[in-house]
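Q: Once you've had a glance at the structure underneath, I'll fire off some questions.
The values are calculated or read from the model by the stated rules, or taken from the named source; none is laboratory data. Quick caveat, the model's predicted, so the values are computed rather than measured. Neighbour counts run over all protein chains shown; Cβ positions are idealised from the backbone, glycine included. When the accessible area is computed, the model is the full protein with side chains, heavy atoms only, and any ligands, DNA or RNA have been set aside. Shrake-Rupley method; radii C 1.70, N 1.55, O 1.52, S 1.80 Å.
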Amino acid sequence: MSAGAKSRVVVVAEHSQGRLSPVNWELMACAGQMARVLGLEVAAAVLGQGVEPLAGEIAQRTGVKVWAVEVEGMAAFHGEAQRLALAQLLPAWRAQAVVGAHSTSGLDWAPGLAARLEAAYLPGVEGLSAGPEGPRFSRTAHYGKVREELAPTAWPLVLTVQPGTFPAAPPGEAGHGEVEVVRLPAPPCRSQLLEVVDGAGTDAGLGRAKVVVAAGRGVGQAENLELLRRLAGLFSSAALAGSRPVCDLGWLGYGHQVGLTGATVSPSLYIACGISGARQHTVGMQGSGFIVAISNDPQAAIFNLADVCIVEDLTVLIPALLEQASGYSDPASLQGDLPGRPG
Amino acid sequence: MRILVCIKQVWEPESLFDLQGTELRPRPPLRRKVGSYDELALEEALRLKDRLPRTNLTVLSVGPPPVVDVLRRALGMGADRAVHILAPDQPPPRPATLAAWIAAWAQGQNFDLILTGVMSEDAMQGAVGPMLAAHLGWPPVTSVVSLKVDGHALAVEREMEGGRRQRLALPLPALLTVQSGPNQPRYPTLSNLLRAKKTTPLTVDAAGLAAPPDREKVVALTPPEKRRAGLVLEGSAAQKAERLLAMLRERALL
Ligand SMILES: Cc1cc2nc3c(=O)[nH]c(=O)nc-3n(C[C@H](O)[C@H](O)[C@H](O)COP(=O)(O)OP(=O)(O)OC[C@H]3O[C@@H](n4cnc5c(N)ncnc54)[C@H](O)[C@@H]3O)c2cc1C
Ligand SMILES: Nc1ncnc2c1ncn2[C@@H]1O[C@H](COP(=O)(O)O)[C@@H](O)[C@H]1O
């Protein structure tokens with residue numbers, strides 16, 4: 001391993017609309033662990049326009065050195081500009097490792113950067129440990145059914161951290177790290193960013209509900225959603241949510257989507273029905289108080305973060321629940337407009 | 001217009017797996033399919049072909065002999081030509097290797113547009129597409145949910161966190177990775193399937209294609225860790241339902 005004493009692990013911070021994303025503190029936690037295992041120094045970089053205050057915020061909270069890279073023409077995140085700018089700057093930063101998020105942005109710049117730097121690429125990292133021949137990074141694969149440990153055999157490393165897996169480094173006044181402003185002319189991009197528009201999703205009341213009943217592809221057909229609506233109807237404050245495929249199929253509007261590219265919810269109770277438990281889904285619901293999962297696949301990844309696991313066909317189990325609950329529940333809550341009809 | 005779509009053959013997600021050292025062994029029945037994002041990438045390409053009549057659509061898959069099945073299915077859906085880069089499936093090639101092989105073959109084929117899935121459904125790396133683009137010197141745009149071709153210009157929308165979208169313009173040639181959306185993949189047609197049956201994909205041996213040495217190695221496969229209690233309810237469906245209701249009442253959730 002060629003990680004010299006003064007080499008760095010550089011976190012590339014995410015931000016949008018003038019605010020840092022919460023995932024940055026998870027990236028910092030991962031970088032902190034790497035620094036300990038590999039003897040590296042942590043640093044960070046923020047790229048864009050008017051990013052100096054954001055760099056200051058990171059420097060204050062973490063105490064590390066932060067580059068505020070003012071990139072001409074980069075008014076909002078632009079993967080190509082970010083990749084070209086990083087490729088140009090990293091050699092001078094003595095970066096042995098570059099850390100981004102396994103997010104839609106990270107996926108846009110990190111793999112291409114790894115190819116360009118001829119770096120090892122470690123996508124969707126969820127943990128790391130010191131192995132006999134160097135660091136080992138873990139990630140999940142195969143529908144979340146397997147944990148894979150990867151050992152880099154070349155340096156530098158480019159890695160993306162799976163959001164929601166490293167506990168965010170707690171806020172604090174770590175003492176002010178140095179902020180260095182770097183100004184870069186517009187990189188020679190072939191793509192041109194025209195505008196950023198908000199998603200079409202409507203608010204499905206997911207944030208306010210105490211109970212979220214969530215439908216996955218395992219619901220099988222739109223008609224079966226009626227079962228989930230009736231299940232939601234057992235609770236006084238419930239909303240119906242869906243995984244991405246359910247929204248893509250038009251069974252529910254996109255305002256109902258939970259996950260990385262949808263809403264993040266943390267109700268007291270989350271009932272996942274026919275959801276396999278891909279990380280892109282679970283990152284949006286893993287903070288729920290009590291999690292019940294129903295799937296017919298005994299190895300489904302969702303069972304690894306459920307409090308209660310039910311291996312069963314949901315078209316059998318939910319009717320059984322409804323039948324048994326009808327004796328107890330307040331009949332008023334079963335009438336009237338049930339939650340979560342697609343808009 | 002010449003389009004290439006890269007498709008990967010994956011095990012059905014509901015397959016049960018056993019771990020044998022660093023090898024993942026699916027239990028019978030062995031059921032394979034096209035990765036779902038790759039199938040959506042193919043659907044996008046077919047929609048372009050429907051609109052732009054002089055389009056030639058090639059599908060490519062890297063893997064052992066059974067990947068011919070997914071290539072046949074792609075021909076059945078309407079692709080014009082299939083290419084099979086023959087490679088062993090164990091150990092699974094690293095994304096940089098796959099990208100180098102595909103680039104080595106695709107270079108000089110004059111493609112205007114290359115589509116991949118946003119991620120392979122099983123390995124979930126999101127890496128092969130952008131790495132392939134890096135080899136070709138093209139800018140990749142990832143997580144694309146809408147695309148329009150106008151002459152030599154592309155107008156695309158890519159999706160970000162919370163459903164926000166970026167609109168970008170870029171020239172051809174280009175590489176895009178396709179994210180899921182309201183479009184659903186079409187079914188193969190009988191006439192195309194009959195044609196596919198008679199077509200032999202072009203086979204290229206990966207051993208003859210250049211690739212860099214691996215820069216990372218899979219050293220262990222283990223079952224994922226449990227992050228919560230994970231109490232498994234036993235018994236008949238009625239017993240499970242009864243037990244669940246009791247637990248919810250105990251916790252004052254119902
Ligand atoms: C960049 C990116 C962003 C993404 N963002 C999101 C996001 O925000 N939200 C999201 O949800 N996904 C997102 N995804 C997709 C995600 O990776 C998964 O593909 C998706 O979550 C799978 O949805 P699912 O669990 O409903 O379907 P599947 O994975 O198909 O799982 C279906 C489950 O239902 C079970 N089942 C089938 N039939 C029955 C039955 N009769 N009874 C009981 N169980 C049954 C199956 O065994 C399986 O466990 C994103 C992907 C990418 C690449
Ligand atoms: N073996 C393969 N053969 C053809 N295309 C592949 C292969 N592996 C990955 N791809 C393509 O690259 C995309 C991203 O894969 P990955 O980097 O593994 O997430 C997939 O959606 C496919 O389009």
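Q: Which whole number gives the average, over all residues in A:149-156, of C-beta atoms from other chains lying within 10 Å of the residue C-beta?
A: 4
Q: Before I look further, what does chain A give for accessible area per residue, probe 1.4 Å, in whole square angstrom?
A: Per residue, chain A has 37 Å² of solvent-accessible surface.
Q: Test of the criteria: in the stretch A:1-54, which trypsin sites (Lys or Arg not before Pro) are in a DSSP loop and have at most 10 other Cβ atoms within 10 angstrom of their Cβ?
A: Counting only loop positions with at most 10 other Cβ atoms within 10 Å, the trypsin sites (Lys or Arg not before Pro) in the stretch A:1-54 are A:Lys6.
Q: Taking every residue in A:38-51, how many Cβ atoms of other protein chains lie within 10 Å of its Cβ, on average?
A: Mean shielding count: 0.
Q: Once each part is reduced to its C-alpha centroid, what is the distance from the stretch B:223-253 to the stretch A:178-238 in angstrom?
A: Result: 27 Å between the Cα centres.
Q: Let me ask you something else. Along the stretch B:104-118, what does the Karplus equation 6.51 cos²θ - 1.76 cosθ + 1.60 (θ = phi - 60°) give for ³J(HN,Hα), rounded to whole Hz, x for Gly and Pro?
A: Per residue, the Karplus-derived 3J(HN,Hα) values read 4, 7, 6, 4, x, 8, 6, 6, 8, 9, 10, 10, 10, x, 5 Hz.
Q: Now for a different question. Name the residues whose placed amide hydrogens come within less than 5 Å of the amide hydrogen of B:Leu175, ignoring near sequence neighbours (fewer than 5 apart) on the same chain.
A: Those qualifying (amide H under 5 Å, at least 5 residues apart or on another chain) are B:Ile114, B:Val141.
Q: Also, quick follow-up: Extending each Cα 7 Å along its Cβ direction at B:Ala169 and A:Val37, get the distance between those two points in nm, one decimal.
A: 4.5
Q: Give me the residues in the stretch A:107-125 whose solvent-accessible area, probe 1.4 Å, is reduced by at least 40 Å² once all protein chains are included instead of the chain isolated.
A: For the stretch A:107-125, once contacts with the other chains are taken into account, A:Leu107, A:Asp108, A:Pro111, A:Ala115, A:Tyr121 lose 40 Å² or more.
Q: Now for a different question. Rounded to the nearest 100 Å², what is the sum over both chains of accessible area buried where A meets B, with a probe of 1.4 Å?
A: For A against B, buried area totals roughly 7700 Å².
Q: Over 24 Å between Cα atoms: which of B:Lys33/B:Lys226; B:Lys33/B:Lys217; A:Lys145/B:Lys33 fall into that group?
A: B:Lys33/B:Lys226; B:Lys33/B:Lys217
Q: I need the phi-derived Karplus couplings for the stretch A:46-54: 6.51 cos²θ - 1.76 cosθ + 1.60, θ = phi - 60°, integer Hz, Gly and Pro marked x.
A: 10, 10, x, 10, x, 9, 4, x, 5
Q: In addition: Given an 8 Å cut-off on Cα distances and at least 6 residues of separation, report the relative contact order of chain A as a percent.
A: With pairs under 8 Å counted, the relative contact order is 15 percent.
Q: Hey, any idea what % of the stretch A:8-184's accessible area is carbon plus sulfur with a 1.4 Å probe?
A: 48
Q: Summing -39500 (n - 2.57) over the DSSP H runs of n ≥ 4 in chain A and dividing by its residue number, what mean residue ellipticity at 222 nm do you reach, to the nearest 500 deg cm²/dmol?
A: Calculated at 222 nm, the ellipticity per residue is -7000 deg cm²/dmol.
Q: I would also like to ask the following. Rounded to the nearest 5, what % of the DSSP beta bridges within chain A are antiparallel ones?
A: Antiparallel bridges: around 20 percent, rounded to the nearest 5.
Q: Leaving out same-chain residues fewer than 8 places away, which lysines sit with a Cα under 16 Å from that of B:Lys148?
A: The reachable lysines, counting only those whose Cα sits under 16 Å from B:Lys148, are B:Lys49.
Q: Round to a whole number: what % of the accessible area of chain B belongs to carbon and sulfur, probe 1.4 Å?
A: Carbon and sulfur: 53 percent of the exposed surface of chain B.
Q: Residues of B:228-236, mean number of Cβ from any other protein chain within 10 Å of their own Cβ, rounded to a whole number?
A: 6
Q: Restricting to bridges with both residues inside chain B, how much of the DSSP beta-bridge set is antiparallel, in percent to the nearest 5?
A: 45
Q: Let me ask something additional. Restricting to the stretch B:108-254, what percent of DSSP beta bridges are antiparallel, rounded to 5?
A: Roughly 60 percent of the beta bridges in the stretch B:108-254 run antiparallel, per DSSP.
Q: Given a 1.4 angstrom probe, what's the average accessible area per residue across the stretch B:1-132, in square angstrom?
A: I get 36 Å² per residue for this part.
Q: From Cα pairs below 8 angstrom and at least 6 apart in sequence, can you work out the relative contact order of the stretch A:211-334, rounded to a whole percent?
A: For the stretch A:211-334, the relative contact order is 25 percent.
Q: With a cut-off of 8 Å between alpha carbons and a minimum separation of six or more residues, what is the relative contact order of the stretch B:2-208 in percent?
A: With pairs under 8 Å counted, the relative contact order is 26 percent.
Q: Now for a separate question. When we measure straight from the Cα of A:Lys6, which lysines land under 22 angstrom away, once same-chain ones fewer than 8 places off are left out?
A: In chain and number order, the partners are A:Lys65.
Q: Moving to a separate point now. List, in order, the whole-Hz ³J(HN,Hα) value for each residue of the stretch A:306-317 obtained from phi through the Karplus relation with A = 6.51, B = -1.76, C = 1.60 and θ = phi - 60°; use x for Gly and Pro.
A: Those phi angles translate into 9, 7, 10, 10, 10, 8, 6, 6, 5, 6, 9, 5 Hz.
Q: In whole percent, and with a 1.4 Å probe on the protein chains, what portion of the accessible area of the stretch A:211-334 is carbon and sulfur?
A: Percent of accessible area from carbon and sulfur atoms in the stretch A:211-334: 50.
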